[in-house]
Amino acid sequence: MQPIASPLTRRRLLAGAAGAPALLAGLSGGDAAAQSGGTVNFIGWSAAVDQVRAQISAFERATNVRVNYENFPWAQFRTALVTRLVGNAPIDVSWISDAWLPEFVEAGWLADINDIPQLMRYNADAADYCTQSMVYRGKQYGLAYYGDHMSFMYNTELLERAGITTLPTTWEEVVQQSLRIKQQGIVEFPLLLSLAADTWLIEFVSALTYAFGGRMVDDAGNAVMADANRGAVRAARFIREAIATHRILSPGAVETGEINGLRAMGSGQHAFAIVPTYRIRALNDPSQASAAGKIRIALMPKGGPDGTNNTLGWIRFYGMTPAAKADRARRERAVRFMEFFGGRDTGGNYSMQKLLLTDVGLPSCALPVNQDADVTAFWNRWAGGGAVIAQQAMLAKKKDTIAPWFGEWVETSNQAWQAVCLGRAEPEAAMRTAAAKWTELRRAFR
């Protein structure tokens with residue numbers, strides 16, 4: 001995500017959107033042509049392109065509505081999308097990251113779907129964190145493309161070599177078992193956390209914070225991360241002690257990005273790790289990982305006296321533009337498209353969700369998908385079963401730090417967590433720094 005420039009205010013954000021022709025002002029000539037031709041204009045990033053094209057073909061056959069599909073690499077997608085939105089390009093539906101939701105709503109680039117029962121009915125089938133991740137100021141802005149969460153993974157072979165027969169249920173037990181593995185000389189750093197200062201860091205530390213019973217921000221939007229009991233201090237102290245006291249987590253974790261962490265876990269260098277669930281397929285693929293067949297998933301361990309099995313969940317979703325919603329014909333086509341892709345197809349099946357999982361390993365927000373025989377076979381093959389994954393998904397929570405100023409705040413947050421890892425700041429002081437920045441940006445957003 002591109003950082004939002006400082007200082008950030010409500011006036012400035014809305015002014016940026018007002019600088020272009022209003023999205024509700026009507027259709028351009030291109031829009032009129034699309035309307036007469038019965039076309040949905042859809043833009044996404046360059047992921048699962050073959051699967052998207054296959055679903056588009058199925059949609060066109062089933063509805064006689066054509067789809068104009070554009071995609072851009074993830075690194076350029078946000079800029080490309082914003083440029084088109086500001087320029088009033090004829091976009092009907094686009095993929096959206098949950099991290100962008102508040103900013104896009106405030107700028108007038110997304111339309112809510114609360115008054116579209118045809119789409120809202122799918123909330124009944126969705127994991128709660130997925131639905132909540134599409135809600136801003138009480139309104140919902142889309143249907144999920146996919147949803148995933150952080151999982152606690154372990155290497156069965158390393159545990160067996162250490163004589164460990166019971167999986168850890170608390171982070172204290174993770175420490176104890178890691179020390180046992182380390183003392184036997186099996187691996188030097190049994191625990192893996194990818195703590196490089198990149199876009200994944202907030203996902204990893206939020207998952208750990210939730211497991212320790214804490215939060216970054218409360219329901220009212222106030223920063224509580226510095227609270228010793230209900231914030232992120234306990235999670236931060238755990239990381240610091242894992243590195244400096246127990247030495248079960250490598251000091252190099254601060255330079256380990258998510259993809260390098262994946263490779264390290266796949267090579268059998270670590271016994272325990274927090275990893276995005278969708279990576280389980282790669283970790284158990286013999287063509288990609290030497291530890292294939294040995295990586296399994298357990299519930300997120302509980303941390304400290306108020307620990308929970310909660311983890312962090314995130315989603316990507318289909319969002320409709322206000323221009324599409326304002327035009328009756330465009331709205332009808334966009335709704336049909338969103339339902340076919342983010343809900344059930346005309347045959348009543350969650351075909352896109354199943355395709356994304358079985359073809360590319362992306363988990364679904366739609367709970368009924370888990371009952372499909374092919375989905376069951378997928379999880380059996382790549383994860384040794386899907387029961388724990390389904391249970392963990394029900395315990396996932398959305399990022400509580402999603403706000404219009406998230407892009408700027410997360411830079412300070414990343415620096416604070418890195419300072420803890422490097423021993424340059426105590427957990428309490430680091431979290432106070434992150435909390436102060438949050439409060440500053442929140443006050444500036446008027």
Give region 129-180 a look and list any residue that's free of Cβ contacts under 8 Å to residues at least 24 places away in the same chain and either in contact with a Leu (Cβ under 9 Å, 6 or more places away or on another chain) or assigned to a loop (DSSP other than H, G, I, E, B) (or both), or say none. 135, 138, 163, 164, 165, 166
Would you please name the residue that is farthest from residue 330 (Cα to Cα), looking only at residues in region 40-54 that are in contact with a strand residue (DSSP E or B) (Cβ under 9 Å, 6 or more places away or on another chain) and part of a helix (DSSP H, G or I)? 49
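Within the bounds of region 112-119, is there any residue that is of a type in the set (S, T, N, Q), within 20 Å of the chain's Cα centre (by Cα) and under 27 Å from residue 348 (Cα atoms)?
Restricting attention to region 112-119, the residues satisfying the condition of being of a type in the set (S, T, N, Q) are 114, 118.
Remaining after also requiring within 20 Å of the chain's Cα centre (by Cα): none.
Looking through region 112-119, none of the residues is of a type in the set (S, T, N, Q), within 20 Å of the chain's Cα centre (by Cα) and under 27 Å from residue 348 (Cα atoms).
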Those residues of region 368-397 which are crowded, with 16+ Cβ neighbours inside 10 Å, part of a helix (DSSP H, G or I) and of a type in the set (Lys, Arg) amount to none
So which residues in region 373-396 are touching a helix residue (DSSP H, G or I) at 6+ places or on another chain (Cβ under 8 Å) and farther than 21 Å from residue 351 by Cβ? 383, 385, 392, 394, 396
Name every residue in region 398-409 that is of a type outside the set (Ser, Thr, Tyr) and either assigned to a loop (DSSP other than H, G, I, E, B) or not assigned by TED's automatic domain parsing to the domain that holds residue 219 (or both), in order of residue number. 398, 399, 400, 402, 403, 404, 405
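Suppose we filter 134, 153 for residues that are under 30 Å from residue 300 (Cβ atoms), touching a strand residue (DSSP E or B) at 6+ places or on another chain (Cβ under 8 Å), modelled with pLDDT of 95 or more and not assigned by TED's automatic domain parsing to the domain that holds residue 351; which single one remains? Let's see the steps before the verdict.
On the way: 134 fails: not assigned by TED's automatic domain parsing to the domain that holds residue 351.
When all the criteria are applied, what remains is 153.
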Got a sec? Which helices (runs of 4 or more DSSP H) wholly within region 216-324 have at least 2 residues that are buried (at least 23 other Cβ atoms within 10 Å of the Cβ) and more than 22 Å from the chain's Cα centre (by Cα)? 233-244
Of the conditions (1) outside the structural domain of residue 178 (by TED's automatic domain parsing); (2) at pLDDT 95 or above, the single one that residue 88 does not satisfy is (2)
Restricting region 78-120 to residues that are part of a helix (DSSP H, G or I) and touching a Gly at 6+ places or on another chain (Cβ under 8 Å), the one nearest to residue 339 (Cα to Cα) turns out to be 119
Out of all the residues in region 417-446, which are crowded, with 16+ Cβ neighbours inside 10 Å, in contact (Cβ under 8 Å) with a residue 60 or more places away in the chain and closer than 21 Å to residue 220 by Cβ? 431, 432, 434, 435, 438, 441, 442, 445
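The values are calculated or read from the model by the stated rules, or taken from the named source; none is laboratory data. Because the structure is a prediction, the values reported are computed rather than measured. No Cβ is skipped: glycine too gets one built from the backbone with ideal geometry, and neighbour counts run over all protein chains shown.
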